[in-house]
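Contents: one structure, followed by commentary.
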Amino acid sequence: MGPAATADFFAKLVRETPAVSDQEHLRTLVWSDASVPDRTDAILSAGPSPLPRLLEGVHLLQSAGAALIAMPCSTAHAFLADLRQASAVPILSMIDASVRRLRTAAPSVSRVGLLATTGTLVTGLYQEGLREQGIDAVVPPPLLQQRSVMRAVRLIKAGQLEVAAQALAPAVRSVAGAGAGMIVAACTELPLVLGHQAENLPVFDTTTALAQDAVALARRLTRPDPTKERP
């Protein structure tokens with residue numbers, strides 16, 4: 001939903017595509033609507049639901065010919081079931097992609113620091129997925145979550161990346177001090193200020209995980225069917 005996060009996802013989609021020419025890249029439609037109501041507000045305080053606008057986006061992409069949909073917004077996954085029910089094409093789960101790829105990339109990690117919007121944390125979607133993989137998720141205390149993580153997200157959306165990185169640092173230190181062996185950037189704004197490491201811990205980028213799943217599915221969908229080849 002955030003335009004900077006959308007641009008970051010598209011850059012990673014391009015980077016993860018095994019192409020040597022323009023023609024080998026994926027045909028891509030981008031629906032970027034920053035006016036979609038705030039997802040965390042909707043989850044926490046019965047603010048306006050983003051679902052009608054999200055459904056509008058799904059229908060727009062389908063009518064334009066999309067064969068699959070990737071949604072680079074973790075918090076919006078609270079509405080994924082409704083979106084999938086209304087969609088005639090697959091909608092990837094960023095959370096499933098992240099949990100699966102994290103387990104493969106870091107088989108020995110048993111505890112991670114989960115940095116996400118408060119709305120995402122309240123849904124418990126990442127925590128449940130990680131738990132199923134035998135991974136414990138630690139999160140910042142509630143006050144620090146608001147003063148550090150949510151403040152950083154708002155600053156990133158305002159284009160103040162350096163200040164956002166400073167704001168996020170206390171939350172990173174908190175989860176690192178709680179025994180996390182890896183930091184999970186579970187909000188698509190956060191990779192814009194987190195590098196590959198934070199507090200000497202590796203950072204897992206959920207945006208990249210979604211891009212990798214999108215490339216993999218798109219290549220399967222566009223692969224020629226050998227049974228239909230001419231003799």
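List of remarks:
Conditions tested, residue by residue: (1) assigned by TED's automatic domain parsing to the domain that holds Val112; (2) exposed (fewer than 13 other Cβ atoms within 10 Å of the Cβ); (3) touching a residue at least 60 places away in the same chain (Cβ under 8 Å); (4) not β-branched (Val, Ile, Thr).
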| site | (1), (2), (3), (4) |
| --- | --- |
| Pro142 | yes, yes, no, yes |
| Ala158 | yes, yes, no, yes |
| Val163 | yes, no, no, no |
| Ala214 | no, no, yes, yes |
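- Checking each residue in region 163-178 for being closer than 19 Å to Ile135 by Cα and out of contact with any strand residue (DSSP E or B) (no Cβ under 7 Å at 6 or more places or on another chain) picks out Ser174, Gly177.
- Leading residue by the ranking (surrounded by the most Cβ atoms within 10 Å (Cβ to Cβ)) among those in region 51-92 that are among the β-branched types (Val, Ile, Thr) and in a helix (DSSP H, G or I): Thr75
- Among (1) more than 16 Å from the chain's Cα centre (by Cα); (2) buried (at least 23 other Cβ atoms within 10 Å of the Cβ); (3) not aliphatic (A, V, I, L, M), the one test that Glu189 misses: (1)
- Residue identified as of a type in the set (D, E, K, R), in contact with a strand residue (DSSP E or B) (Cβ under 9 Å, 6 or more places away or on another chain) and surrounded by 18 or more Cβ atoms within 10 Å (Cβ to Cβ) among Arg111, Arg101: Arg101
- Condition met for Gly129 (of a type outside the set (A, V, I, L, M, F, W, C) and part of a loop (DSSP other than H, G, I, E, B)): no
- Enumeration of residues in region 194-231 that are of a type in the set (D, E, K, R) and either within 16 Å of Ser98 (Cα to Cα) or modelled with pLDDT of 95 or more (or both): Asp205, Asp213
The values are calculated or read from the model by the stated rules, or taken from the named source; none is laboratory data. On a predicted model such as this, the values are computed, not experimentally measured, just so you know. Positions of Cβ are backbone-derived with ideal geometry, glycine not excepted, and every protein chain shown enters the neighbour counts.
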